[in-house]
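Asker: Attaching a single structure in structure tokens format; questions to follow.
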Amino acid sequence: MRKRKLVFITQVVNPADPNLGATRAKIAALARRVDEVVVVCDRGIEGVLPDNCRLRVFGAPTRRQRAVRYIGAIVSELRDPPVAVVGHMVPLYTIVAAPFVRARRVPLVLWYTHWKGHVVLRIAMLLCTHLTSQYERSFPLSSRKLHAIGHGIDLSEFPCQPAVPSAGRPFRVLSLGRYSRPKRLDEMVEGVRIARSRGVDARIDLYGTAGSEQEEAYKRELEELAARPEYAEFASVGGPIPRTELPPVYARADVVASDFISTDKIVLEACSSCRPVLASHPAFAELFEGIEPPLAFERGRPETFADRVAALAALDDEARHAIGRTLRERVAARHSVETWADAILGLVA
């Protein structure tokens, strides 16, 4: 019987990476369903994937060298055609691979969940056989090729955390991720300030990476904001947290918040951790359906964020934890890494 091989293309394989560490769990879930996964990546470390995975690292000092190594890896792996080639988050990778993959009549799948609908993505959409995303609304463009398959959260990586007694301390709001201006972190800080002006003893702690000049500039603005006397008492701006150290960080939070124009994975990781969440992206309406008090707030209106913080802070510890447990159940049913991998393989079977 012919061996079932899958080729997975991504940027980084490193479970500790603050931004891309989640990719390891997706690869491992696919590996449980095929005989071999070949991971073609720009950077990767050995020994973090299952035994039936192979790394093909194409990173090199120059763009030309990277391109040559990348194409060489793809062409080499197509000699024994895989059941599919899956591109993770970088449309350019799928565009470069497409002429070779489609010539062998191998399915080419793109996984993409981001707010940028740029021309490179539009070209990739034409060349791929399938497009996948967390929700239809988490993909920035419409297409008949698009399949909403959940986000692929490893619930074992983010176990349900017990309720933390809140008596005698501020209500803790947490947000994580890149210091990207579209996340509107300053507006969430302002929302907490408004909640405090209404008598809610709350604080907000931000952690994340700044991988570009624009992100560095935004982080400096947030640091300056948090240093002002009227904010220093309740706001902090911190650095990145390795992914492997995230569970205890979620455990210390009373609520995890996102005001991003994309469907931020921290929302689902926090839900997996049995933590209530607040989010402005409309795609989370299904996740939040029927939960009281409401967990959605209006982007661009910090006062609505303040309303939601105040409502959650007014609940007792067990009531908040009950919301967290409900959210974890919904993530397990709709967004687990197992259902995600099943969906990927179901498209190409």
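Asker: Do we find that residue 76 is open to solvent by 30 Å² or more (accessible area, probe 1.4 Å) and within 21 Å of the chain's Cα centre (by Cα) in this structure?
Answerer: Values: open to solvent by 30 Å² or more (accessible area, probe 1.4 Å): yes; within 21 Å of the chain's Cα centre (by Cα): no.
Answer is no for this residue.
Asker: Please go through the range 163-180 and give me each residue that is over 16 Å from the mean Cα position of the chain (by Cα) and modelled with pLDDT under 95, ordered by number.
Answerer: 163, 164, 165, 166, 167, 168
Asker: Name the single residue that is nearest to residue 84 (Cα to Cα) among those in the range 1-45 being of a type in the set (S, T, N, Q) and open to solvent by less than 30 Å² (accessible area, probe 1.4 Å).
Answerer: Here is the first cut: in the range 1-45, the residues of a type in the set (S, T, N, Q) are 10-11, 14, 19, 23.
So of that shortlist, the ones also open to solvent by less than 30 Å² (accessible area, probe 1.4 Å) come out as 10, 23.
Details: 10: 14, 23: 17 Å.
Here the residue is 10.
Asker: Only one residue in 266, 323, 344 is among the β-branched types (Val, Ile, Thr) and closer than 26 Å to residue 168 by Cβ. Which one?
Answerer: 323
Asker: Just give me the residues in the range 109-138 being closer than 23 Å to residue 337 by Cβ and either modelled with pLDDT of 95 or more or acidic (Asp, Glu) (or both), in sequence order.
Answerer: The answer is 109, 110, 111, 112, 128, 129, 130, 131, 132, 133, 136.
Asker: Among (1) open to solvent by 10 Å² or more (accessible area, probe 1.4 Å); (2) among the hydrophobic types (A, V, I, L, M, F, W, C); (3) outside any helix (DSSP H, G or I); (4) out of contact with any Gly (no Cβ under 9 Å at 6 or more places or on another chain), there is one condition residue 322 misses while meeting the rest; what is its number?
Answerer: Every listed condition holds for residue 322 apart from (3).
Asker: Regarding the range 282-305, can at least one residue be identified that is within 21 Å of the chain's Cα centre (by Cα), open to solvent by 10 Å² or more (accessible area, probe 1.4 Å) and polar (S, T, N, Q)?
Answerer: There is no residue in the range 282-305 that is within 21 Å of the chain's Cα centre (by Cα), open to solvent by 10 Å² or more (accessible area, probe 1.4 Å) and polar (S, T, N, Q).
Asker: Regarding residue 330, is this residue farther than 24 Å from residue 155 by Cβ, part of a helix (DSSP H, G or I) and not hydrophobic (A, V, I, L, M, F, W, C)?
Answerer: No: the conditions fail for residue 330.
The values are calculated or read from the model by the stated rules, or taken from the named source; none is laboratory data. Given the structure is predicted, the values throughout are model-derived calculations rather than measurements. Glycine gets a Cβ as well: all are built from the backbone with ideal geometry, and neighbour counts include every protein chain shown. Surface accessibility is based on the protein's heavy atoms, side chains included, excluding ligands, DNA and RNA. Shrake-Rupley method; radii C 1.70, N 1.55, O 1.52, S 1.80 Å.
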